[in-house]
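J.: This is the structure I want to talk about, given as structure tokens.
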Amino acid sequence: MNHRTHPVKRAFVKVLGGRRTQSVAIPIFCIVLSLLAAAIVLLCLGKNPLQAYAGLLQGSGLFPKDSYAAHRSILTDFISMVDNWTPMLFAALAVAIANKGGLFNIGVSGQMLAAGFTATVLIGYSDLPAVVAKPLVFVIGIVAGALVGALIGFLKQRFNINEVVSSIMINYIIQYIVSFFIYTYYVDPISRQSRAVGANARLTLQQVSIGDLNTVLPIGFVLAVVCVFVLRFLMNRTKFGFELKAVGANKRAARYAGIPVGSRIVLSMTISGALGGLAGVTYYLGYYASIQPRTLADMGFDSIAVALLGNSNPVGIFFSSFLITAISKGSTYMSSTVGVQQEIASLITGIILLFSACSAFIRYLVEKYRVQLEEADKAMAEGGKA
Amino acid sequence: MEQEDYIIEMRHITKRFGAVVANDDVSISVRKGEIYALLGENGAGKSTLMSMLFGMYEPDEGEIYIRGQKVRIHSPNQATKLNIGMVHQHFKLVQNYTITENIVLGIEPIRRKFGLFPCVDLKGANEKIRALSKAYGLEVEPTEKIEDVSVSIQQRVEILKMLYRNAEILIFDEPTAVLTPQEIEFLLEILRSLRDGGKTIILITHKLEEIKKVADRCAILCRGKLVDVLDVATTSTKKMANLMVGRDVSFVVDKKPPKFGDVVLDVKDLCVENRDHFDVVKHVSFQVHAGEIFAVAGVAGNGQGELADAIAGLTPQKAGKITVNGTDLTNLGVRARTKAGVSYIPEDRQAVGLILDFSLGENLALKSYGDPPFCEHGVLKPDAFVEHAKGLISDYDIRGQKPEGPVRPMSGGNQQKIIVAREIDLESPLMIFVQPTRGLDIGAIENIHKRMIAERDKGKAVLLISLELDEIMNCADTIGVMYNGEMTKIAAADTLTANEVGEFMMGVKAQ
Ligand SMILES: Nc1ncnc2c1ncn2[C@@H]1O[C@H](COP(=O)(O)OP(=O)(O)OP(=O)(O)O)[C@@H](O)[C@H]1O
Ligand SMILES: [Mg+2]
């Protein structure tokens, strides 16, 4: 008899209330909810949401298309999604490590650009052999990004300049300096972008044959996955991670505990910048081969949302960055198959991010319903006795 | 039975947090217009019981009646509607808001500009609060920011916040733990006058003499259960203490005569300034020997806190020299000073002494996490944290959390015990104890005092800074009095009476 009352609330608590499963169940619930919300948008536009979502998955190589061009398959689509996923993963990890230290790295885009540009100029146009050039690109990306991050950290530690303000300013400075150099020295007269880097320096191998397939191969992805585990270990199991989290959680207590707060701030921004730099080289010398002047990569800003969606936890970020990349990558194909504008696809990404941000609210709701139901049951039991 | 005029009745209340039973079938009834005290050890469930009356939690079992009506108090707003107000153990104020803004927060008076645009009428509110504070003798300057005022003013703000919301039932959770003796007297006076004005007051405190002074009745909680409700007038403090702790508590600790060793802490001509470059410690010199408890007495805000911070390295010194066992501390950072032999119980446990979101085990190792066995080659050993924590938890009777759980939900007194346990465990030659027993129950206080004296007997130098004259007179071998940033008197404890110390503290007497 009992379960007839409040069936919705009961189901809600049952599905999402499990203490152990909650950390996975709630994000999935959020995603389902957002897909439903986006479906309504699509229905309003007179499109079939199922077809649209299939297009989304097909575009990112997660669901087979009806037909493929020669030397293409679901695998090549998937790998080219991974190509895009790589810089996003680096960028979100960059945001996460700063977050743990209580810092907000909004300057990932700038760090990406600085690293991408430096590596392009120093190595991209050289004719070093690939085995030397590619590692050098990684190293230069790390160093350039780290230097920008360190500068932001230093400004905070030394002059107490808020990192958000300095990052935004530095973003502008880098963007205009890079534009100046590209227009003056490195511009490609046709594309109005920087000249494409050589294949020797590019971090995504082009035209690789696997069987009869012809695919790209992002070599940075391996490093990105390694970074996920290294960061996880760093944050949870090392002295440095302990100190970083202490500084992020309570600066005064960290100081009292003898932790050099200033140096930890600089160091966490430096690591964050280095990861941003890796995002930059895998983006500008991997996914793309050139730099578009006067713009910052949106990815640097999207990565903030991705990091939050993954709860600043490296493994969580692995999945959240996968999800967001798959959607944004698949959206191009979706817009062509279903005939909706690219903007609608971005809208859906936005809706997912918005709903994911609600997970705390949903957790609260579950707890509230649980209490309500328990009380209702109790009242019922007492009523039964009387 | 129910004919009597009870304004609050809590019947058969049970509240669990996971495996912890914070309240176990507790029933209390409070009459209108009385001061009802709640007494109990740390973690006995006092704050939890009152949080339920204030709608922060809901009971798992049991019922609440207010003015004879059965009610469900599901939120603090609901409690406010029932004219219930609460001053929490750890204040809940917005630091960078003004006093007025804090008081009106959530029920801002609205004025329509040009009869159209709604905006908050701060001017009107300022006036109203000024009038309110006059009426109750709780003087504050409504336009000051919270971060700029002392704790006792912050407490007044919390009280005014309740009165502004027309509270009739006022709950005070350990209001005197943060106050100086003079401020306590003043607060008790306020409590009496509030009661005489018809308000009903529930007072949580660990200080028996306060209960004796103002309360009408007193309920005693022990490990979540109600033990007894007593008429204060006819019960001795000894009996209360006995009921609460379950054994006899001695208020005066036994102490062997001290055996002084070499000088451990040597402070010479120390000057410290605060953030506004105002001298707060002025040319202070003193020495603490091994095997000595040197107690610094003084009214709050006379430079004792800064003195401790300067020795621990949290505040830079402007001039002078501090040495510990011959090591000059002047240019050392906090970590180096800890290694050189300084342990420090800071005044503010939540803001400085603990990282509330870290686990109990991590907090107990907050100063030694980087050394073996907690850490080898930069890699932490989680098991070592747990093992270490288990030992200290049983030694210091820390209740309410597993080693892996966060310290945030722990009761105030148990949080304090974490810090005390950690700092004594460092085995440093110099131990700086600032208000080490703040918020502890009398059993725990006795325990801490015993340990402090045991450390002294082991040859440690103890610098005790306390606002409680009783604590100082009980424990000190040497007493230094600070007044207005200067050490105005240093003398062996047995050559001074409490009265004399009090006079030095007030600056009435000078050397
Ligand atoms: N939100 C919570 N989650 C888990 N446990 C809690 C929570 N709040 C309180 N507890 C536990 O309930 C018990 C009672 O805590 P409470 O704060 O009521 O004690 P108290 O009597 O106020 O003690 P103190 O004198 O130290 O302030 C403690 O063991 C505490 O750890
Ligand atoms: Mg309490």
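The values are calculated or read from the model by the stated rules, or taken from the named source; none is laboratory data. Computed from a prediction, not measured in an experiment: that's the story for all the values here. Here the Cβ positions follow ideal geometry from the backbone for every residue, glycine too, while neighbour counts run over all protein chains shown. Accessible surface areas use protein heavy atoms only, side chains included; no ligands, DNA or RNA. Shrake-Rupley method; radii C 1.70, N 1.55, O 1.52, S 1.80 Å.
J.: Could I have the simple spin-label model distance between B:Glu63 and B:Thr234, label points 7 Å from Cα toward Cβ, reported in nm to one decimal?
T.: According to this spin-label approximation, the distance is 3.0 nm.
J.: Can you give me the Rg/Rh ratio for chain B, using Cα atoms for both radii and the Kirkwood formula for Rh?
T.: Values: Rg = 23.9 Å, Rh = 24.4 Å.
Rounded to two decimals, Rg over Rh is 0.98.
J.: Then there's this: Give the whole-number value, in cubic angstrom per residue, of the convex hull volume spanned by the C-alpha atoms of segment A:70-319.
T.: So the per-residue Cα hull volume is 124 Å³.
J.: Tell me, what is the FRET efficiency for B:Arg130 and B:Leu105 to the nearest 0.05, using R0 = 25 angstrom and their Cβ-Cβ distance as r?
T.: The formula returns an efficiency of 0.90 here.
J.: Still on this structure, I have one more. If the reach is capped at under 17 angstrom between alpha carbons, list the lysines near B:Lys32, excluding any in the same chain fewer than eight residues apart.
T.: Leaving aside lysines fewer than 8 places away in the same chain, those within reach of B:Lys32 are B:Lys70, B:Lys199.
J.: Next up: Within 10 Å, count the other beta carbons around each residue, average over each peptide in A:213-223, A:100-110, and list them highest first.
T.: A:100-110, A:213-223
J.: Using alpha carbon centroids, what distance separates segment B:463-501 and segment B:60-126, in Å?
T.: 42
J.: Could I ask something else about it? Enumerate the aspartates and glutamates that B:Lys458 could reach by cross-link, defined here as Cα to Cα under 17 Å, with residues fewer than 8 away along the same chain left out.
T.: The reachable aspartates and glutamates, counting only those whose Cα sits under 17 Å from B:Lys458, are B:Asp254, B:Asp262, B:Glu292, B:Glu423, B:Asp425, B:Glu427, B:Asp477.
J.: With every protein chain present, what is the per residue accessible area of the protein assembly as shown (1.4 Å probe, Å²)? List each step's numbers first, then the result.
T.: On the way: 39700 Å² over 897 residues.
Per residue, the protein assembly as shown has 44 Å² of solvent-accessible surface.
J.: Return the carbon/sulfur percentage of the accessible area of chain B, one whole number, probe 1.4 Å, all protein chains in place. Write out the running numbers ahead of the final one.
T.: On the way: 10950 of 21660 Å².
Summing carbon and sulfur atoms, their accessible area is 51 percent of the total for chain B.
J.: For segment A:1-121, what is the convex hull (Cα atoms) projected area averaged across all directions, in square nanometres? Please report the intermediate quantities before stating the final value.
T.: Working: hull surface 56.8 nm².
Orientation-averaged projected area of the Cα hull: 14.2 nm².
J.: Taking H placed 1.01 Å from N in the peptide plane, check which residues at least 5 places from B:Val280 or on another chain put their amide H under 5 Å from its amide H.
T.: Here B:Val272, B:Glu273, B:Asn274 satisfy the definition.
J.: What is the spin-label model distance, in nm, from A:Ser23 to B:His12 if the labels are put 7 Å beyond Cα along the C-beta direction?
T.: That separation, rounded to one decimal, is 3.9 nm.
J.: If you place +1 on the Cβ of every Lys and Arg, -1 on the Cβ of every Asp and Glu, and leave all else neutral, what size is the dipole of segment B:3-245 about its Cα centre, to the nearest 20 Debye? Write down the numbers at each step before the final one.
T.: Numbers: 33 positive and 33 negative charges, 104 e Å.
Dipole about the Cα centre, nearest 20: 500 debye.
J.: Under DSSP H, which helices of chain A have Cα atoms covering 24 Å or more of the helix axis and a Kyte-Doolittle average no less than 0.0?
T.: Correct list, ordered by number: A:22-44, A:74-100, A:130-159, A:163-181, A:220-237, A:261-282, A:314-338.
J.: Oh, and also: Heavy atoms only, probe 1.4 angstrom, no DNA, RNA or ligands counted: give me B:Cys271, A:Cys358 ranked by accessible area, highest first.
T.: Ranked from most to least accessible, the order is A:Cys358, B:Cys271.
J.: Give the accessible area for A:Leu45 in Å² (nearest 10); use a 1.4 Å probe, count only protein heavy atoms, and leave out ligands, DNA and RNA.
T.: 80
J.: With all protein chains present and a 1.4 Å probe, how do A:Ile140, B:Ile204 order by accessible area, largest first? Working shown, then result.
T.: Numbers: A:Ile140 30, B:Ile204 0 Å².
Reading off the accessible areas and sorting them downward yields A:Ile140, B:Ile204.
J.: Stokes-Einstein at 37 °C, 0.692 mPa s, Kirkwood radius from Cα pairs: D for segment B:402-480 in µm² s⁻¹? Working shown, then result.
T.: Details: Rh = 13.3 Å.
After rounding, the answer is 246 µm²/s.
J.: Right, something else. Can you compute log10 of I(q)/I(0) for the protein assembly as shown with the Debye formula, treating each Cα as one identical point scatterer, at q = 0.04, 0.06, 0.08 Å⁻¹?
T.: Debye output, listed in q order: -0.24, -0.54, -0.91.
J.: Note down the Stokes-Einstein diffusion coefficient of segment B:193-340 in µm²/s, whole number, using a Kirkwood radius over alpha carbon pairs, 10 °C, and 1.306 mPa s.
T.: 81
J.: Under 5 Å between amide hydrogens, which residues at least 5 positions from B:Asp262 or on another chain qualify, with H placed 1.01 Å from N in the peptide plane?
T.: Distant-sequence amide H within range of B:Asp262: B:Ala290.
J.: Placing +1 on the Cβ of each Lys and Arg and -1 on the Cβ of each Asp and Glu in the protein assembly as shown, which of A:Leu75, B:Met487, B:Leu332 has its Cα farthest towards the positive end of the resulting dipole?
T.: A:Leu75
J.: Within 10 Å of each Cβ of B:288-294, how many other protein chain Cβ atoms are there on average? All intermediate terms of the calculation are to be shown ahead of the outcome.
T.: Details: counts 0, 0, 0, 0, 0, 0, 0.
Averaged over the peptide's residues, the number is 0.
J.: Which one of A:Asp188, A:Asp302, A:Asp212 has the biggest mean-square fluctuation once chain A is modelled by GNM with Cα springs under 10 Å?
T.: In this elastic network of chain A, the residue with the biggest mean-square fluctuation among A:Asp188, A:Asp302, A:Asp212 is A:Asp212.
J.: Here is a follow-up. Using amide H atoms built in the peptide plane, which far-off residues or other-chain residues are under 5 Å from B:Cys375 H to H?
T.: B:Lys381
J.: Return the value, in Å² to the nearest 100, of accessible area buried between chains A and B (probe 1.4 Å, both sides summed). Show your work: numbers first, answer last.
T.: Values: alone 19210 and 22710 Å², together 39700 Å².
Protein heavy atoms only, the A-B interface buries about 2200 Å².
J.: Quick check: Cα centre of segment A:64-84 to Cα centre of segment B:332-388, how many Å?
T.: Cα centroid to Cα centroid, the span is 52 Å.
J.: Let me ask something additional. Once you put a point 7 Å from the Cα of B:Phe117 and another 7 Å from the Cα of A:Asp377, both along the Cβ direction, what distance in nm separates them?
T.: Calculated label separation equals 5.4 nm.
J.: On to the next question. Give or take rounding to whole Å, what are the principal axis extents of the alpha carbon atoms in segment B:351-426, in descending order?
T.: So the three principal-axis extents are 35, 24, 20 Å.
J.: Let me ask something additional. If R0 is 56 Å, what FRET efficiency do you get for A:Ala249 and A:Asp66 from their C-beta distance, rounded to 0.05?
T.: FRET efficiency, A:Ala249 to A:Asp66: 0.60.
J.: A further question on this structure: Mean-square fluctuation check for chain A, GNM, Cα pairs under 10 Å: which of A:Gly18, A:Gly316, A:Gly61 is largest?
T.: A:Gly18
J.: At a 1.4 Å probe, what is the % contribution of carbon and sulfur to the accessible area of segment A:70-319?
T.: 65
J.: Compute the FRET efficiency between B:Lys225 and B:Lys32 as 1/(1 + (r/R0)^6), taking r as their Cβ-Cβ distance and R0 = 25 Å, and round to the nearest 0.05.
T.: 0.45
J.: Within chain B, which is the longest segment that contains none of the GluC sites (Glu not before Pro) sitting in a DSSP loop with at most 13 other Cβ atoms within 10 Å? Could the numbers behind the result be given before it?
T.: Numbers: sites that count: B:Glu2, B:Glu4, B:Glu139, B:Glu404, B:Glu427.
For GluC sites (Glu not before Pro) (loop position, at most 13 other Cβ atoms within 10 Å), the longest site-free span of chain B is B:140-403.
J.: Want the number for B:Asn325 to B:Asn166: 0.36 nm per residue separation, take away the alpha-carbon distance, what's left? Walk me through the numbers on the way to the answer.
T.: Working: separation 159, 0.36 × 159 = 57.24 nm, distance 5.76 nm.
My answer for the length gained is 51.5 nm.
J.: Stick to Cα atoms and the Kirkwood definition of Rh, then tell me Rg/Rh for segment B:434-511. Working shown, then result.
T.: On the way: Rg = 13.1 Å, Rh = 13.3 Å.
A ratio of 0.98.
J.: Can you give the Kirkwood hydrodynamic radius of segment B:3-245 from its Cα pairs, in Å with one decimal?
T.: One decimal place: 18.7 Å for the Kirkwood radius.
J.: For the protein assembly as shown, what does -39500 (n - 2.57) per DSSP helix run (n ≥ 4), summed and divided by total residues, give at 222 nm, in deg cm²/dmol to the nearest 500?
T.: -15500 deg cm²/dmol
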